[in-house]
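Quick notes on the structure that follows.
The values are calculated or read from the model by the stated rules, or taken from the named source; none is laboratory data. Just so you know, these numbers come straight off a predicted model, no measurement behind them. Virtual Cβ from ideal backbone geometry, glycine too; neighbours counted across all protein chains shown. These area figures cover heavy atoms from the full protein model, side chains too; ligands, DNA and RNA do not enter into them. Shrake-Rupley method; radii C 1.70, N 1.55, O 1.52, S 1.80 Å.
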Amino acid sequence: MTTTISKELLLVRSPPTDTTAAGCSADAGASIQNSRLATRSTFSKQRSMTVSEFSGHLGRLIVKKEVQNSDFGKEEESNSVDTHHSESSSWIFMPSFSSYAFDYRYLNTCGYVERALRTYPILPLEHPVWDMCYRGDLTGIQKLLGDRQISPFSVDEDGDTLLHVSRSNSNNRCSF
């Protein structure tokens, strides 16, 4: 069924020139008919991302900005173009005087503005959870999470989460 849907999506994106081959059927008996007209659509996507990091006596500040523009249009109607603009920025402040990081996120898409402020704990590199992540000790991590000794949003001093650290080791058998 998945293969059939994939083939159908290819047919919808670039319809065949022969109108008799517009249908597609699966081995399981499911059939999907292509009812779209033979109009070609264009899609272009531009994405830019900048990351800046500042360090000082008060701590570290990481600023991530991402801008994404998507254009949808039809080749026959060159003046008919729908544009989607999305802008997001994230300011992560890790003060040297606190054991918590502050994350301010700003998202502007389709005329909707969303803002969020989150805090999460910074665990020192000597904490045993980082060694558990490297070894793939899932039961040990689950015990620490169950006892509320750590949070799933905990980060190290570089801003990496438990998932980042566990996936950095290629021999790791643990996946969250």
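Here are a few things to note about the model shown:
- Candidate set: the stretch 147-158, residues that are out of contact with any Ser or Thr (no Cβ under 9 Å at 6 or more places or on another chain) and open to solvent by less than 60 Å² (accessible area, probe 1.4 Å); chosen: the one nearest to SER98 (Cα to Cα): ASP156
- Pick from the stretch 112-145, criterion within 21 Å of the chain's Cα centre (by Cα) and not basic (Lys, Arg), ranking: least open to solvent (accessible area, probe 1.4 Å): TYR120
- All positions within the stretch 78-99 that are of a type in the set (Phe, Trp, Tyr) and exposed (fewer than 15 other Cβ atoms within 10 Å of the Cβ): PHE97
- Residue within the stretch 21-30 that is open to solvent by less than 50 Å² (accessible area, probe 1.4 Å), modelled with pLDDT of 80 or more, in contact with a strand residue (DSSP E or B) (Cβ under 9 Å, 6 or more places away or on another chain) and in a strand (DSSP E or B) present: no
- Test: SER98 is farther than 30 Å from LYS45 by Cα, outside any strand (DSSP E or B) and at pLDDT below 90: yes
- Residues satisfying the stated conditions in the stretch 132-147, i.e. at pLDDT 90 or above and among the charged types (D, E, K, R): LYS143, ASP147
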